[in-house]
Amino acid sequence: MPAVRALAVPVSAILIGAASVACHQKPACCAAPPPPPPINFNDYRSVNTDDYHTYSTYGWNGIQFSTRAGIRCRIYDGPHSFQYAAAIDCWGPLPGVASGVNYAKVSEWPYDKDTLTPITRGPAPPGHTEVFSLFSHTDLNEQETYHAGPTEKRTVDPASYHLLNPGQKIVVPGGHPGDDDLNTSICAVVTDDSITCEIQNLDHAGAHGFRILPQGSQTY
């Protein structure tokens, strides 16, 4: 029997496909500029993670930051939470996405690409595809809540989001003691409206993440 994954951070969202623009007479005139090459996280300066450790909800806690463009992000702190997991969420006025998209996610737990529901048992259904990162639409008000107990919901204090400036990065080790390189979560701010977030060595294999870019946001 396939193993049951202990936790998946739920997402209530509607997948929105990438928009395209057709040029009929002069294709070169409206071709979007190519996205910049992937960043090297080593080129970014680490901040003190403790200064951003401002989120706590029932069962887990996390690191939060914002950019001057109004994008907010939350990184799940797996090793210091009651339930272990690795995930990064960003939301708000995301550039380079289809109309209505306001949410980006990468998770150690796979999601069904068609339904955006977490896959908590076994592989994706036949004909469906697993993804670890996605763009979608979500209720922004729900992102600004936490649970003080099993049923008591409260609103996140806006002051708890500390600014992460261009050239800075946050690194959250994701592994259990003795396996510190497993599921390391990292976000770097390139410009005020350009962010790259990824989970490295995802369950001992590869990396997944997203790039928020004015030239066209991407998942990988």
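Out of N40, N102, report the one residue that is at pLDDT 95 or above, out of contact with any His (no Cβ under 8 Å at 6 or more places or on another chain) and among the polar types (S, T, N, Q).
N40
What about E144, is it farther than 20 Å from D77 by Cβ, of a type in the set (D, E, K, R) and surrounded by fewer than 20 Cβ atoms within 10 Å (Cβ to Cβ)?
Numbers: farther than 20 Å from D77 by Cβ: no; of a type in the set (D, E, K, R): yes; surrounded by fewer than 20 Cβ atoms within 10 Å (Cβ to Cβ): yes.
Considered against the rule, which asks whether it is farther than 20 Å from D77 by Cβ, of a type in the set (D, E, K, R) and surrounded by fewer than 20 Cβ atoms within 10 Å (Cβ to Cβ), E144 comes out as no.
Of the numbered conditions (1) among the polar types (S, T, N, Q); (2) part of a loop (DSSP other than H, G, I, E, B); (3) touching an Asp or Glu at 6+ places or on another chain (Cβ under 7 Å), N61 fails exactly one; give the number of that condition.
(2)
Restricting to segment 59-91, name every residue that is within 12 Å of the chain's Cα centre (by Cα) and surrounded by fewer than 18 Cβ atoms within 10 Å (Cβ to Cβ).
Within segment 59-91, none qualify.
In segment 53-86, what residues are within 20 Å of V190 (Cα to Cα) and among the hydrophobic types (A, V, I, L, M, F, W, C)? Spell out how you get there, then give the answer.
Restricting attention to segment 53-86, the residues satisfying the condition of being within 20 Å of V190 (Cα to Cα) are 63-75.
The answer is I63, F65, A69, I71, C73, I75.
Six or more apart or on different chains, Cβ under 7 Å: which pairs go from a residue in segment 110-123 that's assigned to a loop (DSSP other than H, G, I, E, B) to one that's at pLDDT 85 or above and not charged (D, E, K, R)? Could you list them?
Note: pairs meeting the criteria are K113/V131; L116/L134; L116/S136; T117/Y111; I119/P110; I119/Y111.
Of the conditions (1) of a type in the set (D, E, K, R); (2) surrounded by fewer than 18 Cβ atoms within 10 Å (Cβ to Cβ); (3) in contact with a strand residue (DSSP E or B) (Cβ under 9 Å, 6 or more places away or on another chain); (4) modelled with pLDDT of 85 or more, D192 fails just one. Which one is it?
The single condition D192 does not satisfy is (3).
Out of P110, P34, report the one residue that is at pLDDT 80 or above and either under 22 Å from D193 (Cα atoms) or not aliphatic (A, V, I, L, M) (or both).
Values: P34 fails: at pLDDT 80 or above.
Being at pLDDT 80 or above and either under 22 Å from D193 (Cα atoms) or not aliphatic (A, V, I, L, M) (or both) holds for just one of P110, P34, which is P110.
Within segment 79-99, which residues are in a loop (DSSP other than H, G, I, E, B), modelled with pLDDT of 95 or more and in contact with a helix residue (DSSP H, G or I) (Cβ under 9 Å, 6 or more places away or on another chain)?
Passing the criteria: only G92.
Filter segment 124-133 for residues that are part of a strand (DSSP E or B) and of a type outside the set (V, I, T); which is modelled with the lowest pLDDT?
We begin by selecting, within segment 124-133, every residue part of a strand (DSSP E or B); these are 130-133.
Pick out the ones that are also of a type outside the set (V, I, T) and you get 130, 132-133.
Numbers: E130: 86, F132: 91, S133: 95.
Filtering segment 124-133 for residues that are part of a strand (DSSP E or B) and of a type outside the set (V, I, T), the one modelled with the lowest pLDDT comes out as E130.
Only residues that are aromatic (F, W, Y) and closer than 23 Å to T151 by Cα: list them for segment 50-92, please. Quick ask: steps written out before the conclusion?
In the first step, residues of segment 50-92 are kept if they are aromatic (F, W, Y); the result is 52, 55, 58, 60, 65, 76, 82, 84, 91.
Scanning segment 50-92 gives Y55, Y58, W60, Y76, F82, Y84.
Of the conditions (1) over 21 Å from H208 (Cβ atoms); (2) modelled with pLDDT under 95; (3) polar (S, T, N, Q), T184 fails just one. Which one is it?
Going through the list (1) over 21 Å from H208 (Cβ atoms); (2) modelled with pLDDT under 95; (3) polar (S, T, N, Q), T184 breaks only (1).
From the list T120, T155, T151, T115, which one is loosely packed, with under 11 Cβ neighbours inside 10 Å, modelled with pLDDT under 90 and polar (S, T, N, Q)?
Numbers: T120 fails: loosely packed, with under 11 Cβ neighbours inside 10 Å; T155 fails: modelled with pLDDT under 90; T115 fails: loosely packed, with under 11 Cβ neighbours inside 10 Å.
So the residue among T120, T155, T151, T115 that is loosely packed, with under 11 Cβ neighbours inside 10 Å, modelled with pLDDT under 90 and polar (S, T, N, Q) is T151.
The values are calculated or read from the model by the stated rules, or taken from the named source; none is laboratory data. Since this is a predicted model, take the numbers as computed values, not measurements. Ideal geometry is used to build each Cβ from the backbone, glycine not excepted, and the neighbour counts take in all protein chains shown.
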